[in-house]
Amino acid sequence: MNEKAKYTEVNDEQQKRIDDVRNIFSDVYDFIEKNCKSSRETSLALTKLEETQFWLIKGISREI
């Protein structure tokens, strides 16, 4: 299987940082849901947050 398609194992320290990222983003998602009306702009902001979270986790998991 191509290396780019494989699941990337992470060590305990990386997993803790990934969990920290998820917890912080969860708080931001909760804040937006409670304080912002549904709109195109809010939807775009949530999409960008999801993208940012994805790249942060990907970056952590690919560290050598």
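The values are calculated or read from the model by the stated rules, or taken from the named source; none is laboratory data. Since this is a predicted model, take the numbers as computed values, not measurements. All Cβ positions, glycine included, derive from the backbone under ideal geometry; neighbour counts span all protein chains shown. For the accessible areas, the whole protein counts, side chains as well, though only heavy atoms, and no ligand, DNA or RNA atoms are used. Shrake-Rupley method; radii C 1.70, N 1.55, O 1.52, S 1.80 Å.
Things worth noting here:
- Residue ranges 10-16, 56-62 sort as 56-62, 10-16 when ordered by packing (mean number of other C-beta atoms within 10 Å per residue, highest first).
- A simple charge model with +1 on the Cβ of Lys and Arg, -1 on the Cβ of Asp and Glu and nothing else charged puts the dipole of the chain at about 280 debye relative to its Cα centre.
- Signed unit charges on C-beta, dipole axis of the chain, positive-most listed residue V10, V28, S39: S39
- Coarse-grained scattering of the chain at q = 0.24 Å⁻¹, given as base-10 log I(q)/I(0) from a Debye sum over alpha-carbon atoms: -0.99
- Helix 12-35 axis, angle to the chain major axis (alpha carbon atoms, nearest 10°): 10 degrees
- Contour excess over end-to-end distance, with Cα ends at I32 and K16 and 0.36 nm allotted per residue: 3.3 nm
- Within the accessible area of the chain, the carbon and sulfur atoms contribute 55%, probe 1.4 Å, all protein chains present.
- Radius 11 Å from Cβ of S26, net charge of other residues (Lys, Arg +1; Asp, Glu -1): -4
- Whole-number accessible area per residue in Å² for the chain, which is evaluated in the context of all protein chains at 1.4 Å: 86 Å²
- Between helix 40-61 and the chain there is an angle of about 20 degrees, using the helix long axis and the longest principal axis of the Cα atoms.
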